[in-house]
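Data first, discussion second: the structure below is written as C-alpha cells.
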Amino acid sequence: MERLWAPWRIKYIREVVPIKKPKKCIFCDAVSSQDLREKLVLFKSKKAFVMLNLFPYNSGHLMVAPIRHIANLEDLLEDEEVELWRLVRLSVKLLKIALKPDGFNIGINLGRVAGAGVEDHLHVHIVPRWCGDTNFMPVIGNTKVIPEAIYDTYDFLVKYVPQVFKSKEK
C-alpha cells in the first residue's frame, strides 16, 4: 500500500472537523492580528479583507470577508457589500495574474447544513480551478492533494497584491 503523508491535515481533523464552536472567530482573529502573514491575510481595507484558506480545496483558495463580525448577507451595510464584492473581483484578478487558473468556483455557504465551516462570520470562497485538477485521489481515495505549502502560496501571491489591490480604483 502506498502512503501519502499530509501532516498539516491533522490540525483540520482535530480542530475543525469535530462539530464544536471555536473559542474565537478565525476571521476576527486574523484581521486583528499584528502578523498578517501568520494569519494568511493578503489584503485588508477599511470594510473587508482577503485571506488564504488554511485548509484549501486547491492552491490559492482565498476567502473574502467583511471586517465586521456578521453572519448574514442581509446584515451587510451597503458600503460593506460594495467593498466585499470589490475584493472578490480583485481577488479573481490576483489569481488570474499570479496562478493563471482555467476557471473558478466562487461561493458562499450560509449555515452548517449548507457546508459552512464557520457559520457566524460571512465569507466568500474563491477557489481557482485548472483543467485536470481533479483526479483519482479525491474520487477513489477521498483525499485532495495540495501541491504547495500554504506559506509558500502566501509568499508568492502577496508579491502581486500591490499591483492588483489599489487603494482607490476607478
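Here is how the numbers come out for the structure above:
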read-out	value
Selection within the stretch 97-124 - in contact with a Phe, Trp or Tyr (Cβ under 9 Å, 6 or more places away or on another chain), part of a helix (DSSP H, G or I) and surrounded by fewer than 16 Cβ atoms within 10 Å (Cβ to Cβ)	97
Positions within the stretch 40-52 being aromatic (Phe, Trp, Tyr) and either open to solvent by 20 Å² or more (accessible area, probe 1.4 Å) or over 21 Å from residue 99 (Cα atoms) (or both), in sequence order	43
Long-range neighbours under 7 Å by Cβ, at least six apart or interchain, first residue closer than 11 Å to residue 48 by Cβ within the stretch 70-89, second open to solvent by less than 80 Å² (accessible area, probe 1.4 Å) and part of a helix (DSSP H, G or I)	76/84
Whichever residue in the stretch 133-170 is assigned to a loop (DSSP other than H, G, I, E, B), modelled with pLDDT of 75 or more and open to solvent by 50 Å² or more (accessible area, probe 1.4 Å) and, among such residues, is nearest to residue 101 (Cα to Cα)	160
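A quick yes/no check of all residues on (1) in a loop (DSSP other than H, G, I, E, B); (2) over 11 Å from residue 91 (Cα atoms):
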| site | (1), (2) |
| --- | --- |
| 43 | no, no |
| 49 | no, no |
| 55 | yes, yes |
| 71 | yes, yes |
| 74 | no, yes |
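Rundown of residues vs (1) more than 18 Å from residue 125 (Cβ to Cβ); (2) surrounded by 19 or more Cβ atoms within 10 Å (Cβ to Cβ), yes/no style:
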position	(1), (2)
23	yes, no
32	yes, no
38	yes, no
54	no, no
63	no, yes
70	no, no
73	no, no
85	no, no
91	no, yes
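The values are calculated or read from the model by the stated rules, or taken from the named source; none is laboratory data. Source: prediction; values computed, not measured. Ideal geometry is used to build each Cβ from the backbone, glycine not excepted, and the neighbour counts take in all protein chains shown. Protein only, heavy atoms only, side chains kept; ligands, DNA and RNA dropped before computing areas. Shrake-Rupley method; radii C 1.70, N 1.55, O 1.52, S 1.80 Å.
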